[in-house]
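The values are calculated or read from the model by the stated rules, or taken from the named source; none is laboratory data. Bear in mind that the values here come from a model prediction, so they are computed numbers and not experimental data. Reconstructed Cβ throughout: ideal geometry from the backbone, glycine too, with neighbour counts over all protein chains shown. The accessibility values were calculated without ligands, DNA or RNA, using every heavy atom of the protein model including side chains. Shrake-Rupley method; radii C 1.70, N 1.55, O 1.52, S 1.80 Å.
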Amino acid sequence: ESPDPNIMPEPGARARAVLQPAKDLLGEYATRGTILFLSDGFDALDIEPLKAFSQESDNPALAAFIIGTADGGLALMPDGSPARTARGSRIDTRVDMAVLQRLEREAGLPVTRITTDDSDLKELIRVIESNLAKAEDPEARWRDDGWWLLWPAGLLLLLNFRRGWTGRP
């Protein structure tokens, strides 16, 4: 069952206001879940609360799927007419790229932007699966123990440079 937009605690694009209600909806699965923001952007005031939320180990992971472009444009309805706000003005699809970059950099929030092919959905699925893997084994870390093989591999490569050892004159 998907949440109804009417559960939002306050009107507008205030991501910080939905963190606790979304965590509550996940219940006992909160640490394994991902809160996915389907949005046309974020407010700069959301950066610090999202950063604080993502740093707490008992909270769900966060991800964002952004619908809009840096250049903007008019949002259209399925019949081709312009989408309008409740007040009747046309909806612009411009996204504040500076805020998105700060969210990624400062809050560690993975941001996937909509594309015309399916690469956006593949990226989003990869992010959510990665969040799930981290939640199932939080102590798992990538360890690169193969660095010591560089020295023997380098010596073997050096042997190929000696004249006569490769069978070539």
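Entry remark, the range 118-132: residues being surrounded by fewer than 15 Cβ atoms within 10 Å (Cβ to Cβ), over 18 Å from Thr31 (Cα atoms) and of a type in the set (A, V, I, L, M) number 1 in total. Sub-8 Å Cβ pairs linking a first residue in the range 23-43 that is over 25 Å from Arg113 (Cβ atoms) to a second residue that is open to solvent by 100 Å² or more (accessible area, probe 1.4 Å) and modelled with pLDDT under 85, at least 6 apart or interchain, are Thr31/Ser57; Arg32/Glu136, ordered by first then second residue. Within the range 40-79, the set of residues being among the polar types (S, T, N, Q), touching a strand residue (DSSP E or B) at 6+ places or on another chain (Cβ under 8 Å) and surrounded by fewer than 16 Cβ atoms within 10 Å (Cβ to Cβ) comprises Thr69 only.
Got at least one residue in the range 28-37 being under 29 Å from Ser130 (Cα atoms), of a type in the set (Asp, Glu) and surrounded by 16 or more Cβ atoms within 10 Å (Cβ to Cβ)? Checked against the condition, which is being under 29 Å from Ser130 (Cα atoms), of a type in the set (Asp, Glu) and surrounded by 16 or more Cβ atoms within 10 Å (Cβ to Cβ), the range 28-37 yields no hits at all. Within the range 96-112, the residues that satisfy the criterion of being of a type in the set (D, E, K, R) and out of contact with any Lys or Arg (no Cβ under 7 Å at 6 or more places or on another chain) are Asp96, Arg102, Glu104, Arg105.
Figure legend. Inter-residue proximity from the range 76-95: first residues at positive phi, second residues surrounded by 10 or more Cβ atoms within 10 Å (Cβ to Cβ), beta-carbon distance below 6 Å, spacing 6+ or different chains. No pairs are indicated. All of (1) touching a residue at least 12 places away in the same chain (Cβ under 8 Å); (2) of a type in the set (A, V, I, L, M, F, W, C); (3) open to solvent by 20 Å² or more (accessible area, probe 1.4 Å); (4) under 19 Å from Ala15 (Cβ atoms) hold for Ala135 with one exception: (4). Here is the figure for the range 80-117: residues that are open to solvent by 80 Å² or more (accessible area, probe 1.4 Å), closer than 20 Å to Phe37 by Cβ and not in a helix (DSSP H, G or I) total 3.
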